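Take a look at the structure set out below.
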Amino acid sequence: MFRAKRAHPILLLSVLVGALVLGACRDAGEGDYLAVAGKIFVFNYRIAEATYHLTLTKTRPLPEGSVLETHFENPAGGDPMVVRQTIWPLMEKISVDSPPIKCVKAGREYKVSMQLEDSNGKKLQTIERTMISDTDQSVMPDKPLVVGPFYDPRRR
């Protein structure tokens, strides 16, 4: 019985020390700022448009004025498409969309490269990913099926 009473404070103390150690390691100021949470090709058949879409999450606070520059491989060939966007401090999830793309082939790898910079242009993190579509863009209509913000049917 004496052991049981004594074990309780020791257990409590070890749990408390463990919590303090984990709390201190929460933001050591090292490692990646962003992590890729999801990536997908979006085929919007209603407006006959395909895009890359990536979702990122913050893994630690970003410096004020950080900018994310994303280079998307152009499936039609030619120069990569570039999107630059400011990452605001209150954003927890960051969505990155490409301009409309053409010629996406199912099963082919496409490269996406992201560069996170601080407000002075200093490189903070680079993320490289490949994306593979399970759908070929040939299934998309040649023209939008609808027009306008209310998806009104297109007149033929």
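Among the residues that make up the range 144-153, is at least one of them aromatic (Phe, Trp, Tyr) and under 30 Å from Pro63 (Cα atoms)? No, every residue in the range 144-153 fails to be aromatic (Phe, Trp, Tyr) and under 30 Å from Pro63 (Cα atoms). Looking only at the range 64-94, residues that are farther than 13 Å from Val112 by Cα and either assigned to a strand (DSSP E or B) or among the hydrophobic types (A, V, I, L, M, F, W, C) (or both) come to 11 in all. Taking the stated definitions as given, is Tyr33 surrounded by fewer than 16 Cβ atoms within 10 Å (Cβ to Cβ), of a type in the set (Phe, Trp, Tyr) and either more than 14 Å from Thr130 (Cα to Cα) or within 14 Å of the chain's Cα centre (by Cα) (or both)? Here the answer is no, as Tyr33 does not meet what is asked.
Set side by side, the residues Tyr151, Tyr110 differ, and just one is surrounded by 11 or more Cβ atoms within 10 Å (Cβ to Cβ) and more than 18 Å from the chain's Cα centre (by Cα), which is Tyr151. Consider the range 67-81 and keep the residues that are among the hydrophobic types (A, V, I, L, M, F, W, C) and more than 10 Å from Leu34 (Cβ to Cβ). The one that is farthest from the chain's Cα centre (by Cα) is Ala76.
To keep it simple, each residue is scored yes or no on (1) part of a helix (DSSP H, G or I); (2) at pLDDT 95 or above; (3) of a type in the set (D, E, K, R).
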| position | (1), (2), (3) |
| --- | --- |
| Cys103 | no, yes, no |
| Ala106 | no, yes, no |
| Val112 | no, yes, no |
| Leu116 | no, yes, no |
| Gly121 | no, yes, no |
| Thr126 | no, yes, no |
| Arg129 | no, yes, yes |
| Asp134 | no, yes, yes |
| Asp142 | no, no, yes |
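Of all residues in the range 44-66, those satisfying the criterion of being over 12 Å from Leu34 (Cβ atoms) and not aromatic (Phe, Trp, Tyr) are Asn44, Arg46, Ile47, Ala48, Glu49, Ala50, Thr51, His53, Pro63, Glu64, Gly65.
The values are calculated or read from the model by the stated rules, or taken from the named source; none is laboratory data. Nothing here was measured: the structure is a model prediction, and the numbers come from that model. Methodologically, a virtual Cβ is constructed for each residue, glycine included, from the backbone with ideal geometry; neighbour enumeration extends over all protein chains shown.
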